[in-house]
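Comments concern the structure below.
The values are calculated or read from the model by the stated rules, or taken from the named source; none is laboratory data. Worth saying up front: this structure is predicted, and the values here are computed from it rather than measured. Cβ coordinates were reconstructed from backbone atoms using ideal geometry, including for glycine residues, and neighbour counts include every protein chain displayed.
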């Protein structure tokens, strides 16, 4: 009691206006009870008070924000960074007096198109016509398993599972923003609108990017719709269309061009001059013409650089089975039902992507840290660090262990995995759900794969066929990855070849132009160092060896991934080769001599935080906000030709690398 | 449940407050007794004051905090609830039921929305509309009006001369199903129908929303946006991709006349038409299911053209006179509204068509004898009993009332004028009106009323009564420019000789009384509409007291009451927007059998839906007959679904009639 009194006395002297002050004279027992009660109450009170205070402040600020004139943020930005350049649409409209001329068709890529629910299981109640993919992704958090179930396709057919209908969102809203605030096409659309474009002369060819290309026609008649809309726009405006595909949309549109000329029922029956009559130019943005190495890792172990890094930072997080999450396994199960991912498997085999000891782009110098990426070209030319060691074996798209990745092929001992008997000695008998096909593989099979040590693009195909036979069988009916010897062969009339530029001819349309526009100057995944996964039960048995590092500053190997020049997703080789060499002039792939242009955009990171995702970005998606690219597109849409734009614009080594590829043209 | 929780929390803070207030005086007392010194007392007083002031802010914050926390908690609980637990299980939606019966999607469906319900978005605007690019100006949450009303009005009006975009502004209709599924958040238009269609297997590829800019005249939608070409291309595409199945078209409200226009357009040769040839409709269209069709126009358009007001506005005015007219804030709401509405050509398409033969002359109208049961039985229950077999109408007892409403007088000045016999009415020769000289002195001429001087307005009012035909003359006088512009696009008469080559012009295409239906003997035309709601039919006007030059000189005399007259408006049977005569006449008589308007004898069906007000939990009702709410009517949805799945008009039961439409149609004497 005296202690309590003393304490109170001390309090008293410190804070004279404190409430406790008055109670010092009260009988102590009373005082204590009261105090306790007060304390308890005041704790809750304080909480409430803090919340109330925060809320009121928040509302007040919100009110101020809403009351603020709309031009205020811009004013502040300009005050800090100096006057912003006019967006290209405004600039060209003011200076050049450019006006909308050719109708424009957008073909979005994989992932960026929204998908909405039309029919679902009871767990998706109330989400009719709400976006499952794109938008806020709110459902992923609320009901992840249900969501995965609805996003997956049927394992056998590659079409809808019974009772589920998920369909692409249509119209410009399908892919203007991927998530709230994350633009994809919105900037381009806004700029086109400045010179007079609107809904009637802009068409977003949204398609279900999970399906194989021909299946979009079989299920949704998407290709027919695109054909009809292009014809309508040409008829009403009297001008040919400019097509702007992005990412996988590039391959989709290649497929479309073959489809539309082919006779019904497999094709659209447009006749051989359809493209010539309806298309002015195809402006491919970040086009993975020859596939993506990234997709190999995606299909093989459902991971990419980002996941490998996450795993390196916090090992175990992704693999913890504690809550029954098994995130990666679920993801893999889902993505493996999407046929479209297989359209992105590297095409052209070793001829394009390199053999065990050779690759066209092997003299690339990575200097991620010290020198900015865009200087790499000059560094490479002056011969800095071009010794044996620096010549990466990019051709080995998957190697097991870092040492294997660097050894010369003659020193690598390889054991053929194909001989391993499949199906006996299951590794994962204890697994309840057989999710992905790895669970049907035996321990020995897995070991056999790892013993093969190094895989080139061609052997990776065999590897995938070995580890995921059903998926590859389904995919093999829709896609092909080779190089045609004789394009006159009747078999090339089948639709599975239509999206592979090395197995089809371009249409007969001498006045058409093909642009390949992509960003450069960003490290892009090219090949991987793998290891066998330590946990053996119910797990994906392989994972990227995130501990493999290049050592010195110029190593291209970071966290188990060799990188090369590109736009962070598509390597230069895949985006540029066709336009730089494969289709340049009259070749067997381009019999009518369609003009091709390579336009590269050097990546420059946004100058300040206020610029958002930058107006000079070279990133695969952010490039859609690149002012230089938008300006090129607007000029072409307003009637300019490739030569008016200044022809090729190259920063990377694409021409040098293309020269090294020995392909019969 | 939410309400109850909130109530709890409303009581809680007050409890604790009383606790506090109970405590403080006790403290004071103690202090007062134990420290008798005067100075100390004063000091204490100050401290107490501080504490009380502090306490006020504190408890405010505390209270808000409590509310927020509770709100979040409830929100959290709500989200945690399994989706199907909290909601009372309503009756099974018709789509699910029919799916269980085995219906599946067969014919592609084209939805043609009506006026007002389609969203409009901004593509190019003035600086004041910054940040609204591709945001909805019309539809959605209408945030634009609240933030910058004048800017908003400016962007929604069209050019006075051309009826197209004003320079520098491009406002375009939203495309796709999202354009008109919900008008505002939570206020469905097509959403319920779409959902039910989806449950029998429809999706984006066999359902098409033919959105158009509903402010433009119909032909201008083609000229500016190529909307009709787009509609044609999409119908052809769906026909081909769905295994050569003809489409079922479902137009609503003004969409009905828009689609009539399309039917003529698509057959007409280019450049005026779509060049589809005479067999196009027969090849591609299975049936047209008109919902709430305004075939012959709506009287409501009359009042909005004349004074930009309807029943609702008149009501507000009678409750709070001066509210809408106050110029303190420089609002002049009505004048602004009128200025905008008069630039919309499409409103003119809704003016009553067919003139006196359809809408009645000064002394008679087809609806004569209609009994309004406002007080006794809810709305029109007395009048609309089931009479599926309409032939024994004669046996039905009819109540004769002495002063039957003279519906034919679309506009009358003063209640008396609306009831007198025509011989007693004072009349002014129309020619006299036309000679009146306009000497406008107003600086800013917003509405064309500014150009008419007061005497002439008085003369207009002296004419006392206007019928549907003379009303058009009146409009030509008070709004010459609007009418001149609009009459190049619409016509409101009855054709005497349909073979006259002048009827090849597009201005006649949306008037069912001046066009022939296409040659398509296999096609079916349905008229689906609600009945049993009071619907505006004619108006009692008065001169506006205000003499200011910009104000609208006429307004509805909301003090006029009696019988079918409420708040200056005569009501008749209908769906609250379209009177029965307009919705039903063409299908009941004008097109029934082989007539001169329907040379190929296209089968027509009338399906009426009796309105019954929803219970509280039902939202807008499964049995509503209201013009827009009928889109959620389960019976109507079932009919549409059955036809879309392949049924014919006979299979869904032929005519279903509750109103007097057949009798009314009999009274209309036009040559068929």
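A few comments on the model shown:
- Residue in the stretch A:629-641 that is within 25 Å of the chain's Cα centre (by Cα), farther than 17 Å from residue A:182 by Cα and surrounded by fewer than 21 Cβ atoms within 10 Å (Cβ to Cβ) present: yes
- Those residues of the stretch A:209-233 which are closer than 21 Å to residue A:134 by Cα and either facing chain B (nearest Cβ under 10 Å) or part of a helix (DSSP H, G or I) (or both), in sequence order: A:213, A:216, A:220, A:222
- Test: residue in the stretch A:458-468 that is under 23 Å from the mean Cα position of the chain (by Cα), more than 23 Å from residue A:526 (Cβ to Cβ) and in contact (Cβ under 8 Å) with a residue 40 or more places away in the chain: no
- Looking across the stretch B:181-204, the residues that are assigned to a helix (DSSP H, G or I), under 14 Å from residue B:108 (Cβ atoms) and at pLDDT 90 or above come down to B:194, B:197, B:198.
- The listed residues are B:240, B:256, and the only one of them that is without any contact (Cβ under 8 Å) to a residue 24 or more places away in the chain and either in a helix (DSSP H, G or I) or within 11 Å of chain A (Cβ to nearest Cβ) (or both) turns out to be B:240.
- Of all residues in the stretch A:22-45 being within 17 Å of residue B:58 (Cβ to Cβ) and facing another protein chain (nearest Cβ under 9 Å), the one that is modelled with the lowest pLDDT: A:41
- Meets criteria (within 14 Å of chain B (Cβ to nearest Cβ) and over 30 Å from residue A:569 (Cα atoms)) for residue A:271: no
- Selection over the stretch A:234-251 of residues that are surrounded by 24 or more Cβ atoms within 10 Å (Cβ to Cβ), outside any strand (DSSP E or B) and either free of Cβ contacts under 8 Å to residues at least 24 places away in the same chain or touching a strand residue (DSSP E or B) at 6+ places or on another chain (Cβ under 6 Å) (or both) gives a count of 2.
- The residue that is nearest to residue A:480 (Cα to Cα), counting only those in the stretch A:268-282 that are crowded, with 20+ Cβ neighbours inside 10 Å and over 28 Å from the mean Cα position of the chain (by Cα), is A:268.
- The set of residues from the stretch A:58-71 being away from chain B (no Cβ under 11 Å) and either at pLDDT below 65 or assigned to a helix (DSSP H, G or I) (or both) comprises A:60, A:61, A:62, A:63, A:64, A:65.
- Flag if residue A:602 is more than 25 Å from residue A:193 (Cβ to Cβ) and surrounded by fewer than 23 Cβ atoms within 10 Å (Cβ to Cβ): yes
- Residues in the stretch B:550-590 that are part of a helix (DSSP H, G or I) and buried (at least 24 other Cβ atoms within 10 Å of the Cβ): B:580, B:581, B:582, B:583, B:584, B:585, B:586, B:587, B:588, B:590.
- Restricting B:287, B:304 to those that are surrounded by fewer than 22 Cβ atoms within 10 Å (Cβ to Cβ) and touching a helix residue (DSSP H, G or I) at 6+ places or on another chain (Cβ under 7 Å) reduces the list to B:304.
- Residue within the stretch A:654-665 that is in contact with a strand residue (DSSP E or B) (Cβ under 6 Å, 6 or more places away or on another chain), on the phi < 0 side of the Ramachandran plot and surrounded by fewer than 20 Cβ atoms within 10 Å (Cβ to Cβ) present: yes
- Residue match in the stretch A:170-177 (condition: buried (at least 24 other Cβ atoms within 10 Å of the Cβ), in a helix (DSSP H, G or I) and within 14 Å of chain B (Cβ to nearest Cβ)): yes
- Remark: residue B:178 falls outside the filter, which requires a residue to be more than 11 Å from chain A (Cβ to nearest Cβ), buried (at least 19 other Cβ atoms within 10 Å of the Cβ), at pLDDT below 90 and within 28 Å of residue A:187 (Cα to Cα).
- Being touching a helix residue (DSSP H, G or I) at 6+ places or on another chain (Cβ under 6 Å), closer than 30 Å to residue B:222 by Cβ and either in a loop (DSSP other than H, G, I, E, B) or at pLDDT below 70 (or both) is a property that residue B:324 lacks.
For every residue, the table says whether it meets (1) modelled with pLDDT of 65 or more; (2) at the interface with chain A (Cβ under 7 Å from one of its Cβ atoms).
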| site | (1), (2) |
| --- | --- |
| B:51 | no, no |
| B:55 | yes, no |
| B:65 | yes, yes |
| B:70 | yes, no |
| B:76 | yes, no |
| B:83 | no, yes |
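- Every residue from the stretch B:207-237 that is assigned to a helix (DSSP H, G or I), within 30 Å of residue A:162 (Cα to Cα) and more than 9 Å from every other protein chain (Cβ to nearest Cβ): B:235
- Only a single item in (1) crowded, with 21+ Cβ neighbours inside 10 Å; (2) within 13 Å of chain A (Cβ to nearest Cβ) is not met by residue B:136, and it is number (1).
- Test: residue in the stretch A:310-325 that is more than 14 Å from the chain's Cα centre (by Cα), under 25 Å from residue A:477 (Cα atoms) and either in a helix (DSSP H, G or I) or modelled with pLDDT of 70 or more (or both): no
- Filter result (away from chain A (no Cβ under 12 Å) and surrounded by fewer than 21 Cβ atoms within 10 Å (Cβ to Cβ)) within the stretch B:116-133: B:116, B:126
- Boolean, residue A:86 is surrounded by fewer than 21 Cβ atoms within 10 Å (Cβ to Cβ), assigned to a loop (DSSP other than H, G, I, E, B), away from chain B (no Cβ under 13 Å) and free of Cβ contacts under 8 Å to residues at least 60 places away in the same chain: yes
- On the stretch given as the stretch A:142-169, residues that are under 14 Å from residue A:208 (Cβ atoms) and within 14 Å of chain B (Cβ to nearest Cβ) total 8.
- Test: residue in the stretch A:91-99 that is modelled with pLDDT of 80 or more, under 34 Å from the mean Cα position of the chain (by Cα) and facing chain B (nearest Cβ under 10 Å): no
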